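Q: Supplied in structure tokens, the structure appears directly below.
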Amino acid sequence: PTGEADTDYLGMLADVLSSGRSSRLYKRLVIDDQLATSVQASAGGRQIAGQFIVVATAKAGGALNRIEAIVEEEMARLLRDGPTAEELERVRTQTAAGYIRGLERIGGFGGKSDRLAASEMFFDDPAAWRTSYQRVVDARPANLTEAGRRWLTDGSYSLEVLPFPDYSVAATGVVFI
């Protein structure tokens, strides 16, 4: 759930996988193998629990089973070996900078008002966001790896969303092209 150490670490792990051109999944799926046009991973904490989501958008006619195999392979490698020091530093800097940039705004998603209100609502302390921020700044590779192993090793659910086929107008019924 929101506010737990593992939620922060899983968010950082998601960024290791998909944030930026040098991230593991983006580099592998979009740049190297050119199977996908985009890839995102995220960990969202909620009041009681959270979700870890990976979304890859295949190129037209792309091999979905190959993309899924690569995601599973890269996830297994990350959970086995952990993030590199360079990956952790990149993600730590991005995440900490996101906190700072958000706090420079009064409103909007991630602005001061959002941080203070969420901290008050979930933790009865408007300054509770600082705990999460400090956790990000102090994170070590082992923190991310242990959180990933704890929550991401007991199975997953895969959903394939395919585009509608091309339709054309017919006198009666529908004609598939």
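Q: Give the accessible surface of segment 1-92 per residue, rounded to a whole number of Å², with probe radius 1.4 Å and ligands, DNA and RNA excluded.
A: I get 51 Å² per residue for segment 1-92.
Q: Then there's this: Give the relative contact order (percent, whole number) for segment 22-165; include only Cα pairs under 8 Å separated by 6+ residues.
A: Relative contact order here is 17 percent.
Q: If the chain between Trp151 and Lys59 were fully stretched, how many nm would it gain, using 0.36 nm times the residue separation less the Cα-Cα distance?
A: Taking 0.36 nm per residue and subtracting the Cα distance, the gain is 30.1 nm.
Q: Let me ask something else about it. If packing is taken as the mean number of other Cβ atoms within 10 Å per residue, what is the order of 149-161, 93-105, 9-21, 71-83, highest first?
A: Descending packing order for the listed peptides: 9-21, 71-83, 93-105, 149-161.
The values are calculated or read from the model by the stated rules, or taken from the named source; none is laboratory data. These numbers were taken from a predicted model, which means no experiment stands behind them. Backbone-built Cβ (ideal geometry, glycine too); neighbour counts: all protein chains shown. The protein model used for the area step is the full one, side chains on, heavy atoms only, and it has no ligands, DNA or RNA in it. Shrake-Rupley method; radii C 1.70, N 1.55, O 1.52, S 1.80 Å.
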